[in-house]
Amino acid sequence: MAVIGIDLGGTKLSGAIFLENGLMHKKEILLLEKRQGKDVFALIQKMLDLILKHSRAEGIPINAIGCCVPGAVNQEAGTVWVPNIPGWDNYPLLDELKDFLNDPSIKVRIDSDRACSLWGEIWQGAANGSKNAIFIAVGTGIGAGILVDGKILRGSHDIAGAIGWLAVQKPFDDKYIPCGCFEYHASGEGLAKVTRGYLNEKSDYQGILRSIDPAQVTAMNVFEAWSQEDPIATKVIDEAVEIWGMVAANLISIFNPEIIIFGGGVFGPGAQLLKRITDEAKKWAQPVSIKQVRVEGSKLGGDAALIGSAYMALTDEPDYKPAL
């Protein structure tokens, strides 16, 4: 059996063929380049065309496709809400995929990238064998895949895990409305936003980041400047470490997981901060739970959601399975 995994991210689309043993056979990456609405689905079609053409040429029959998105998925309706893609509010992704394939023999499944990132880590990564685990995805946005007693926690309307909206600062500010307080301060885009704010405040600042147009600052710029002890970058990262630690502590206290995994594009460069984040979490967390949990970085890096989408496609219901 072979399946296709598709991971729609905030800036790029990844796709690959996976064999039943988990081996990734063919991987393609296409940039979103600020596409909106149906243009994004056209890019997914292009990706599927590329991969299906390869599968036919190699004689690899495709049995199923799993696709994950950076937002909320209504499993019953087959629709998705992706806040960072204009026009993807209740977008009928499942029907669009089935209509494009026009092949009822190919099973199609969709889910959030946070759930699929966790499935990837359970299948091939840091959470292998776990029954209670949390994947904190910190990229363009922030979300969490939460596994409780071997099942993904979905909530009453499939929105559980939208931790970008956790309140980590006060007072409330209207700038939190589109993305949430936690995401505004500590996502990849959030790090850039906070940095821009400090740059605009400090007209006398002459550090590394001053050579960059504030509107063009990225999280990668912030980490590069931080590595050179730039004062604004240091302030931004220190604040983010505190917030990441507080959120980890809250999740540990509520769910008592075996493991919390930090992943997504920011962790990456943020992986070197995990000890500091853990030390911060120890200040806030339930004292017994914090001693029982492991805090680790993703073992699958940027492929976690892609691998998890394939696992979702390979299984009828990817609930807990023993360690490989």
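The values are calculated or read from the model by the stated rules, or taken from the named source; none is laboratory data. Bear in mind that the values here come from a model prediction, so they are computed numbers and not experimental data. We place every Cβ from the backbone using ideal geometry, glycine too, and count neighbours over all the protein chains shown. Just the protein is used for accessible areas: all its heavy atoms, side chains included, with ligands, DNA and RNA removed. Shrake-Rupley method; radii C 1.70, N 1.55, O 1.52, S 1.80 Å.
Given the residues E296, E280, E242, which is the only one that is open to solvent by 60 Å² or more (accessible area, probe 1.4 Å) and touching a residue at least 24 places away in the same chain (Cβ under 8 Å)?
Testing whether each residue is open to solvent by 60 Å² or more (accessible area, probe 1.4 Å) and touching a residue at least 24 places away in the same chain (Cβ under 8 Å) leaves just E242.
F223: assigned to a loop (DSSP other than H, G, I, E, B) and of a type in the set (F, W, Y), yes or no?
no
Just checking, does the range 53-65 include any residue being among the hydroxyl-bearing types (S, T, Y), surrounded by 13 or more Cβ atoms within 10 Å (Cβ to Cβ) and without any contact (Cβ under 8 Å) to a residue 40 or more places away in the chain?
No: the range 53-65 contains no residue that is among the hydroxyl-bearing types (S, T, Y), surrounded by 13 or more Cβ atoms within 10 Å (Cβ to Cβ) and without any contact (Cβ under 8 Å) to a residue 40 or more places away in the chain.
Would it be correct to say that E224 is within 22 Å of S298 (Cβ to Cβ), among the acidic types (D, E), modelled with pLDDT of 95 or more and surrounded by 15 or more Cβ atoms within 10 Å (Cβ to Cβ)?
Spelling it out, E224 is indeed within 22 Å of S298 (Cβ to Cβ), among the acidic types (D, E), modelled with pLDDT of 95 or more and surrounded by 15 or more Cβ atoms within 10 Å (Cβ to Cβ).
Of all the residues that make up the range 85-95, how many are on the phi < 0 side of the Ramachandran plot, surrounded by fewer than 18 Cβ atoms within 10 Å (Cβ to Cβ) and outside any strand (DSSP E or B)?
So the count comes out to 3.
Given the criterion modelled with pLDDT of 95 or more, open to solvent by 30 Å² or more (accessible area, probe 1.4 Å) and farther than 20 Å from E189 by Cα, identify the matching residue among K275, K321.
Result of the check over K275, K321: K275.
Here are I232, I212, I252, I261: which of them is out of contact with any Phe, Trp or Tyr (no Cβ under 7 Å at 6 or more places or on another chain) and surrounded by 19 or more Cβ atoms within 10 Å (Cβ to Cβ)?
None of the others qualify; the one that does is I252.
In the list K26, K46, which residue meets the criterion of being open to solvent by 40 Å² or more (accessible area, probe 1.4 Å), at pLDDT 95 or above and outside any loop (DSSP other than H, G, I, E, B)? Full working, then the answer.
On the way: K26 fails: at pLDDT 95 or above.
Within the list K26, K46, the selection yields K46.
Considering each residue of the range 258-308, count those that are touching a helix residue (DSSP H, G or I) at 6+ places or on another chain (Cβ under 6 Å), small (G, A, S) and in a helix (DSSP H, G or I), and give that number.
5
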